[in-house]
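Heads up: the structure comes next, in structure tokens.
The values are calculated or read from the model by the stated rules, or taken from the named source; none is laboratory data. Source: prediction; values computed, not measured. Don't worry about glycine lacking a Cβ; one is built from the backbone with ideal geometry, like all the others, and counts go over all protein chains shown. Only protein heavy atoms, including side chains, enter the accessible area calculation; ligands, DNA and RNA are left aside. Shrake-Rupley method; radii C 1.70, N 1.55, O 1.52, S 1.80 Å.
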Amino acid sequence: MSAQHQVTLEWGEAGMRAAVADVIVIADADRGPETEALLRLAGRTALVLEATLENADVVARAALDEQERLGERAAIAIVAAGERWADGSLRPSAADQLVAGRVVDALAELGIDFHSPACAIACAAAVALRGATKALVGAEAAALAPAHAHAHATATAGGDR
């Protein structure tokens with residue numbers, strides 16, 4: 001657990017490598033290949049949960065249940081999956097930030113509210129944009145579709161020649 005916060009938010013594989021927690025939550029709106037990569041990196045001693053827009057409340061409840069099982073305050077690391085740029089580097093995703101924010105909001109509703117500034121920002125966005133979330137996620141997916149199609153075509157053609 002962070003010396004300062006019970007709930008933290010990081011991004012991508014580097015964030016997963018840095019996560020030292022009792023509970024790790026992978027926030028990925030589309031449960032894409034990034035989730036699989038993060039699952040492979042997840043610590044074996046932590047409870048690992050996968051969060052989407054639809055199950056944030058269930059994930060938060062599971063985190064609270066784990067805290068109760070431990071009998072002490074559990075460190076919770078939320079790792080937003082993000083997307084990938086063509087060069088393979090992390091591209092933060094609005095959709096995944098909204099998923100992370102929903103988890104933070106659900107944790108706060110259950111009384112786990114000692115979270116980092118990054119969590120507070122994600123939560124504020126998720127709460128303020130609750131009515132527009134599906135439209136925003138759909139718009140982001142539509143904007144990313146051509147890039148994903150190009151990356152897939154390049155990969156199956158054997159890359160750049």
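Would you please list the contacts, defined by Cβ atoms under 8 Å and residues six or more apart or on different chains, that run from a residue in the stretch 74-92 that is of a type in the set (D, E, K, R) to a residue that is assigned to a loop (DSSP other than H, G, I, E, B) and crowded, with 23+ Cβ neighbours inside 10 Å?
Between residues of the stretch 74-92 that are of a type in the set (D, E, K, R) and residues that are assigned to a loop (DSSP other than H, G, I, E, B) and crowded, with 23+ Cβ neighbours inside 10 Å, the close pairs are Glu83/Ser93; Arg91/Gly82.
So Ala95 ticks every box in (1) at pLDDT below 95; (2) in a loop (DSSP other than H, G, I, E, B) but one. Which box is left unticked?
Exception for Ala95: condition (2).
Can you name every residue in the stretch 7-45 that is charged (D, E, K, R) and closer than 18 Å to Ala94 by Cβ? Walk me through how you get there before you give the answer.
Looking only at the stretch 7-45, we keep the residues that are charged (D, E, K, R), and these are 10, 13, 17, 22, 28, 30-31, 34, 36, 40, 44.
Glu10, Asp28, Asp30, Arg31, Glu34 - these are the residues of the stretch 7-45 that are charged (D, E, K, R) and closer than 18 Å to Ala94 by Cβ.
Being aliphatic (A, V, I, L, M), open to solvent by less than 20 Å² (accessible area, probe 1.4 Å) and either at pLDDT below 85 or assigned to a helix (DSSP H, G or I) (or both) is true for just one of Ala122, Ala143. Which residue is that?
Numbers: Ala143 fails: open to solvent by less than 20 Å² (accessible area, probe 1.4 Å).
The unique qualifying residue is Ala122.
Find all pairs meeting these conditions: Cβ atoms under 6 angstrom apart; at least six residues apart or on different chains; first residue within the stretch 15-34 and farther than 19 Å from Gln67 by Cα and part of a helix (DSSP H, G or I); second residue open to solvent by less than 10 Å² (accessible area, probe 1.4 Å) and not acidic (Asp, Glu).
Gly15/Val79; Met16/Leu38; Met16/Val79; Glu34/Ala81
Checking Glu68 against (1) of a type outside the set (Phe, Trp, Tyr); (2) assigned to a helix (DSSP H, G or I); (3) closer than 18 Å to Gly32 by Cβ; (4) without any contact (Cβ under 8 Å) to a residue 12 or more places away in the chain, which test does it fail?
Glu68 satisfies all of (1) of a type outside the set (Phe, Trp, Tyr); (2) assigned to a helix (DSSP H, G or I); (3) closer than 18 Å to Gly32 by Cβ; (4) without any contact (Cβ under 8 Å) to a residue 12 or more places away in the chain except (3).
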